[in-house]
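What follows is one structure encoded as structure tokens, with my remarks underneath.
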């Protein structure tokens, strides 16, 4: 009953980008991400309510996208799903009055309450650097996530992004920095996308066995602590249609 997902980064001058598979990229339209980890009594009602929220058209003028993802593995976090709101700029973030002023927002909140949803954890992230092949078309359904405490963000990001490019375990990946909402000492969040759980397992085996990963771990040793990891699978997302 759990359908699962994620789409799931900042050298100071970098952008969230779409890669075309040949080392080139186009600017990706999302810069901020609000992750709401939840429990729910009715996953299908959550998906339906989220889809109705998007289809109301309330986000069109701001270019905001929404996704619902279910956790395959989550550790002790206590959440079963995650809802992610993707914003193209700071100006597109919700205003203080929007929850009361918009009928669509009020209806969405009522639908989520009706599904028995409760928030476990909520974090606002800013993109550092992210890549998805231009022809992906939503094919990446399963995501590995790592939540990190990083003391040298520039070195970590550049090393990890080069590692991902060198080993080729996946063409979809990214890293985000925490803006607000963390309670575990997490400063950064990274994700790697795969088409299936089998592809994830094989891709991670490929990564961990590589000489490049061994070299990168030496750099990471003094600047990174892994706080927790998770796997999600996509249930519903409007990112592809929002970008079209």
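A short reminder: the numbers here are calculations on the coordinates, not readings from a lab. Computed from a prediction, not measured in an experiment: that's the story for all the values here. Here Cβ is always computed from backbone atoms with ideal geometry, including for glycine, and neighbour counts include all displayed protein chains.
Could you rank the peptides 204-213, 39-48 by their average count of other C-beta atoms within 10 Å per residue, with the highest value first? Before the final figure, lay out the partial values.
Details: 204-213: 13.8, 39-48: 16.7.
Descending packing order for the listed peptides: 39-48, 204-213.
Compute the Cα gyration tensor for segment 74-117, then decide on rounded, prolate or oblate, letting a ≥ b ≥ c be the square roots of its eigenvalues: rounded whenever a/c is under 1.5, prolate when a/b is larger than b/c in the other cases, and oblate in all that remain. Working shown, then result.
Details: a/c = 3.19, a/b = 1.33, b/c = 2.39.
Oblate shape, in that a/c is at least 1.5 and b/c is the bigger or equal ratio.
Subtract the Cα-Cα distance of residue 198 and residue 183 from 0.36 nm times their separation in residues, and report this length gain in nm to one decimal. Each step should come with its number before you reach the end.
On the way: separation 15, 0.36 × 15 = 5.40 nm, distance 3.20 nm.
The span from residue 198 to residue 183 would gain 2.2 nm if fully extended.
So for segment 147-244, averaging the separation of alpha carbon pairs under 8 Å that are six or more residues apart and normalising by length, what relative contact order in percent results? Show your work: numbers first, answer last.
Details: 97 pairs, mean separation 39.0, N = 98.
Dividing the mean separation by the residue count of segment 147-244 yields 40 percent.
Find how much the distance from residue 229 to residue 212 grows on full extension, using 0.36 nm per residue of separation minus their present alpha carbon separation; answer in nm with one decimal.
4.0 nm
For the chain, what class follows from the C-alpha gyration tensor (a ≥ b ≥ c being the square roots of its eigenvalues): rounded when a/c is under 1.5, otherwise prolate if a/b is larger than b/c, else oblate?
Details: a/c = 1.65, a/b = 1.54, b/c = 1.08.
Prolate shape, in that a/c is at least 1.5 and a/b is the bigger ratio.
Can you pull the semi-axes for segment 93-184, root of five times each eigenvalue of the Cα gyration tensor, sorted largest first, whole Å?
Numbers: eigenvalues 209, 69, 35 Å².
So the three semi-axes of segment 93-184 are 32, 19, 13 Å.
Per-residue counts of other Cβ atoms within 10 Å, averaged by peptide: what ranking do you get for 190-199, 55-64, highest first? Spell out each step's value before the answer.
Values: 190-199: 19.1, 55-64: 14.4.
Ranking the peptides 190-199, 55-64 by packing returns 190-199, 55-64.
Given the peptides 175-181, 73-79, 129-135, arrange them by the average over their residues of other C-beta atoms within 10 Å, most packed first.
Values: 175-181: 18.1, 73-79: 13.9, 129-135: 20.4.
Ranked from most to least packed, the peptides come out as 129-135, 175-181, 73-79.
So what is the relative contact order of segment 17-243, in percent, for Cα pairs below 8 Å that sit 6 or more residues apart? Let's see the in-between values first.
Numbers: 444 pairs, mean separation 66.0, N = 227.
With pairs under 8 Å counted, the relative contact order is 29 percent.
How much FRET efficiency would the formula 1/(1 + (r/R0)^6) give for residue 107 and residue 42, where r is the Cβ-Cβ distance and R0 is 22 Å, rounded to 0.05? Provide the component values of the computation, followed by the final result.
Numbers: r = 16 Å, r/R0 = 0.73.
Calculated value: 0.85.
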